[in-house]
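Remarks on the structure that follows.
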Amino acid sequence: MGLTKVAIYTERHPVVQKRASRVVIRKPGNDDYTKVKAYRSISLLSSMEQVGEKVVAELLSEEPHRRGLVIVGQFRSRKGRAAIDRAAIMVDRAPASWTNGHITGILLMNFKAAFPSVLKGRLDDVMKVRQTDGDLM
């Protein structure tokens, strides 16, 4: 059994995987290397640790899907799903809505890029008060 599986099943992180080496390197393009901010610290982990982290991250990201906790329309934080996929689905559905006699419009906006300083929780509250479709987020 690999070290990562041992760590998962025993809920203990092996000491051998906790070791890391730190290396300080110069940031390219700086004029003055007498300043601390002209350098970057990099932590070098063992290859096994990196593989273990990837395995655990993959297991954790798949768990909500296995349990049916992710709705079909959710695109954020889903592997293989991008905002452009969501936009394509919406654009595809609009003509069907028109043929059924509905007035339909599509507004495609990247809220994070358009409003970088807006707090998402606050925006959700405002949208609820104004009875705006929460599926916009």
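The values are calculated or read from the model by the stated rules, or taken from the named source; none is laboratory data. Predicted model, so just to flag it, every value in this text is computed and none were measured. Glycine also receives a Cβ, built like all others from the backbone with ideal geometry; neighbour counts cover every protein chain displayed.
Of the residues making up region 84-125, those that are β-branched (Val, Ile, Thr) and modelled with pLDDT of 80 or more are Ile89, Val91, Thr99, Ile103, Thr104.
Test Glu58 against the criterion of being surrounded by 10 or more Cβ atoms within 10 Å (Cβ to Cβ), under 25 Å from the mean Cα position of the chain (by Cα), of a type in the set (Asp, Glu) and modelled with pLDDT of 80 or more, and give yes or no.
Taking the combined requirement at face value, the residue satisfies it.
Does Met48 satisfy being at pLDDT below 70 and part of a loop (DSSP other than H, G, I, E, B)?
no
Can you give me the number of residues within region 11-43 that are modelled with pLDDT under 75 and surrounded by 10 or more Cβ atoms within 10 Å (Cβ to Cβ)? Within region 11-43, residues that are modelled with pLDDT under 75 and surrounded by 10 or more Cβ atoms within 10 Å (Cβ to Cβ) number 7.
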